[in-house]
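What follows is a short report on a single structure.
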Amino acid sequence: MEGRRNRGAHDVPRTLDIRTEGIAGGSMIRLDGDEIAEVGPRSAHIADLPYAVYADREEIRSPSLVKVRPKPEDPEYVAVETEDGSRYALTPSGAANLLGYVGEDAYAAGNPESARRAFEPLAEELGVDVETAAEMVLDASIGKILPVIEDIVEEYDLDTNLLELVGGGGGSAALVPYLSGTTDYEARLARNHETISTIGVGLAMVRDVIERNVMDPGEDEIQQLRREAIDSVVGMGANQETVEAKVEFDGSRNLLRAEAEGSTELQTRDLSQGAVDESELRETAASSLDADAVTIDRVASTDGLSVFQAEETSSKFFGLVTNSTNRTAVVDESGVIKLKLNDASVYKATGEILDRVVGKVLDEESVFSNASAKLPNLYVCHGHQLLDVSGVSSREQIHSLVDVEFGELPDSEQLVIIAEKP
């Protein structure tokens with residue numbers, strides 16, 4: 001059996017999947033004739049220019065378009081120069097404020113009228129009105145973000161119906177609302193988004209992946225690899241109580257893979273102080289399920305997790321045939337969505353009967369055809385923990401992982417099993 005630690009794409013450590021693109025609220029604009037060539041990567045800060053959108057209206061007098069090089073070796077970007085010789089940067093933040101996408105209380109909120117005055121010479125250069133010029137800037141901006149999102153969706157086989165984009169950072173209010181308003185993606189700004197950075201998020205979570213090439217792994221091999229992944233993230237600073245591990249086996253490549261993830265002590269302390277009430281949990285779940293809070297049901301819960309479902313009914317053949325499906329969300333006590341699924345069933349169990357209930361779930365939710373069976377994707381909730389056994393390929397392996405994780409629980413301990421249709 002050959003072992004190796006997965007370093008992910010491009011031979012970099014695979015912790016949280018962080019990708020960087022040169023676009024933000026303060027990115028500057030480059031032109032190619034009467035077209036937007038690119039927005040970014042240079043920013044107003046690098047060019048040492050103030051944002052036009054944050055200037056007083058009276059400061060933007062008789063603006064004219066000028067070209068600047070933030071660094072001597074850079075291509076030319078555009079800015080505006082006012083009648084007193086002052087120069088200001090044109091940015092996505094200005095475009096978003098001009099078009100009304102930035103709320104008055106947002107960190108990125110500025111002076112829409114200043115932005116409008118500053119964008120007038122750009123609009124004239126492009127041969128369009130001011131609103132269209134601002135839209136062209138924002139289209140070019142999110143045009144750099146969308147391919148990254150699409151790559152991640154494809155790479156991780158994500159269901160876009162269950163996907164929610166969350167913006168963080170001071171400039172997120174300039175880009176995320178426009179992205180949400182002009183695409184099919186659900187998106188929102190994170191709470192305290194102005195103080196969040198991707199590096200801070202990365203430091204708050206620890207993840208590691210270990211892979212081994214093995215033929216038909218047995219119970220001992222699965223448990224050993226899972227334990228190695230857990231020990232790895234704990235060694236990197238994750239709080240043991242927050243660690244969740246997933247094991248999956250790819251029979252076509254004889255590849256056994258264990259992935260563990262946990263919160264650092266700093267994040268754990270922060271989350272422990274942030275429990276929300278029932279109504280906020282319901283609102284969060286409803287938003288993630290694209291449903292009204294009054295129409296969703298809290299179908300099960302543990303000490304730290306709540307399971308909500310929303311039913312969706314569709315009809316065909318002029319309403320003669322109706323079909324009902326559901327969407328399921330698991331929300332932790334701080335209001336964080338831990339899991340979203342389409343068409344899943346929820347079962348309750350105790351420590352005493354857990355193994356029997358798992359067997360029942362596999363019997364009822366598997367899809368049988370000829371001599372084969374497709375197993376459902378199983379998730380087990382206990383306390384604050386969500387055990388993902390969706391990547392395991394046999395009933396025996398599922399029973400083994402569940403027993404390893406929960407075999408020592410008291411008979412009366414409450415658990416919830418969620419089965420997603422295969």
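The values are calculated or read from the model by the stated rules, or taken from the named source; none is laboratory data. All values derive from a computational prediction rather than experimental measurement. With ideal geometry, Cβ positions are generated from the backbone for all residues, glycine too; neighbour counts draw on all protein chains shown. Keep in mind that these areas ignore ligands, DNA and RNA; they rest on the heavy atoms of the full protein, side chains included. Shrake-Rupley method; radii C 1.70, N 1.55, O 1.52, S 1.80 Å.
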Enumeration of residues in region 204-229 that are modelled with pLDDT under 85, within 24 Å of the chain's Cα centre (by Cα) and part of a helix (DSSP H, G or I): A204
Number of the condition not met by A300 [criteria: (1) surrounded by 15 or more Cβ atoms within 10 Å (Cβ to Cβ); (2) farther than 20 Å from V380 by Cβ; (3) at pLDDT 85 or above]: (2)
Selection status of P92, crowded, with 22+ Cβ neighbours inside 10 Å and modelled with pLDDT of 95 or more: yes
Hits in region 21-42 - residues which are within 22 Å of G168 (Cβ to Cβ) and free of Cβ contacts under 8 Å to residues at least 24 places away in the same chain: P41
Number of positions in region 193-203 that are under 17 Å from E164 (Cβ atoms) and either at pLDDT 65 or above or open to solvent by less than 40 Å² (accessible area, probe 1.4 Å) (or both): 2
Residue list for region 41-58, restricted to those being within 22 Å of E104 (Cα to Cα) and either assigned to a loop (DSSP other than H, G, I, E, B) or open to solvent by 80 Å² or more (accessible area, probe 1.4 Å) (or both): P50, Y54, A55, D56, R57, E58
Region 154-165 residues that are under 17 Å from S180 (Cα atoms) and touching a residue at least 40 places away in the same chain (Cβ under 8 Å), paired with ones that are open to solvent by less than 80 Å² (accessible area, probe 1.4 Å) and part of a helix (DSSP H, G or I) (beta carbon under 7 Å, 6 or more apart): E164/S288
Some residue of region 334-354 being assigned to a helix (DSSP H, G or I) and of a type in the set (V, I, T): no
Subset of region 161-187 that is of a type in the set (S, T, N, Q) and either out of contact with any helix residue (DSSP H, G or I) (no Cβ under 6 Å at 6 or more places or on another chain) or assigned to a loop (DSSP other than H, G, I, E, B) (or both) - its residue that is most open to solvent (accessible area, probe 1.4 Å): N161
Index of the failed condition, Y107 passing every other in (1) open to solvent by 40 Å² or more (accessible area, probe 1.4 Å); (2) in contact (Cβ under 8 Å) with a residue 40 or more places away in the chain; (3) more than 24 Å from L189 (Cα to Cα): (3)
Condition check for L65: part of a loop (DSSP other than H, G, I, E, B), modelled with pLDDT of 95 or more and closer than 15 Å to L90 by Cα: no
